[in-house]
């Protein structure tokens, strides 16, 4: 439990409040219970350090106010719209026996011991915070989900999380899911061994060479065919000429 120093403030006007802020002091108020509201002020530096903690709004603080102490719970922080600096804090007075609704953060542990995550599973977080109704004297800092020995396909419901005594979910009537351990969305194909890849390359090169050889033979055959077509008419003309000469020679002899 954190303990911080606070002072009683007697500011009545907006100008007086702005003067406090200019000095690095944040005005605040304590309310709740049977006692009247109490105006206080706290250091801005300390408030900013506490705000950086994830569960600031669900942690009980002890305010030391001029010799007396008071347990309170931060309920609301107002920030400046331009500088984003805290300018006001509301604290709820802790009264024994009372209950309060709070959003408690969920923490996942033993991720490295989960076989599902080791096999590439994905942890889908449905609720990073769960609203619980807690006794003011028994407010948990966080809810713990243990992932040890958890495999793909398992889901984590509120019933599987151990809650402190007297703490109950504000959602009643159903066992809602906090997170699931799902299968990976993308499955990688196994890589081919180097030898198979080399064989595939050689086969492709051989097929390409065979294709080039066939193409060459086809072109050569077409060339021969064209030359043959050109020569055949010449042979026919030559034979006919020789035949005519022989007939001319034979004609005188036959007349005798």
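The values are calculated or read from the model by the stated rules, or taken from the named source; none is laboratory data. Because the structure is predicted, anything quoted here is derived from the model rather than measured. Don't worry about glycine lacking a Cβ; one is built from the backbone with ideal geometry, like all the others, and counts go over all protein chains shown.
Tabulated results
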item	result
Some residue of region 7-27 being within 30 Å of residue 167 (Cβ to Cβ) and in contact (Cβ under 8 Å) with a residue 24 or more places away in the chain	no
Qualifying residue in region 36-45 (condition: within 16 Å of residue 136 (Cβ to Cβ), under 42 Å from the mean Cα position of the chain (by Cα) and not in a helix (DSSP H, G or I))	no
Qualifying positions in region 133-147 - in a loop (DSSP other than H, G, I, E, B) and in contact with a helix residue (DSSP H, G or I) (Cβ under 9 Å, 6 or more places away or on another chain)	139, 140, 141, 142, 147
Test: residue in region 141-157 that is buried (at least 17 other Cβ atoms within 10 Å of the Cβ) and closer than 22 Å to residue 31 by Cβ	no
Hits in region 46-66 (condition: within 30 Å of the chain's Cα centre (by Cα) and assigned to a helix (DSSP H, G or I))	48, 49, 50, 51, 56, 57, 58
Selected residue [outside the structural domain of residue 139 (by TED's automatic domain parsing), surrounded by fewer than 18 Cβ atoms within 10 Å (Cβ to Cβ) and touching a helix residue (DSSP H, G or I) at 6+ places or on another chain (Cβ under 6 Å)] from 15, 24	24
Number of the condition not met by residue 110 [criteria: (1) closer than 30 Å to residue 157 by Cβ; (2) out of contact with any strand residue (DSSP E or B) (no Cβ under 8 Å at 6 or more places or on another chain)]	(2)
Selection status of residue 163, within 28 Å of residue 97 (Cβ to Cβ), in contact with a helix residue (DSSP H, G or I) (Cβ under 9 Å, 6 or more places away or on another chain) and assigned by TED's automatic domain parsing to the domain that holds residue 127	no
Strands (runs of 3 or more DSSP E) contained entirely in region 67-132, each with at least 1 residues that are farther than 16 Å from residue 27 by Cα and without any contact (Cβ under 8 Å) to a residue 60 or more places away in the chain	68-79, 99-109, 122-125
Answer from 87, 78, 139 - the residue that is outside the structural domain of residue 26 (by TED's automatic domain parsing), in contact with a strand residue (DSSP E or B) (Cβ under 8 Å, 6 or more places away or on another chain) and closer than 27 Å to residue 39 by Cβ	139
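Residue-wise test of (1) within 18 Å of residue 17 (Cα to Cα); (2) touching a helix residue (DSSP H, G or I) at 6+ places or on another chain (Cβ under 6 Å); (3) outside the structural domain of residue 157 (by TED's automatic domain parsing).
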{"site": "32", "(1), (2), (3)": "no, no, yes"}
{"site": "44", "(1), (2), (3)": "yes, no, yes"}
{"site": "50", "(1), (2), (3)": "no, yes, yes"}
{"site": "55", "(1), (2), (3)": "no, no, yes"}
{"site": "110", "(1), (2), (3)": "no, no, no"}
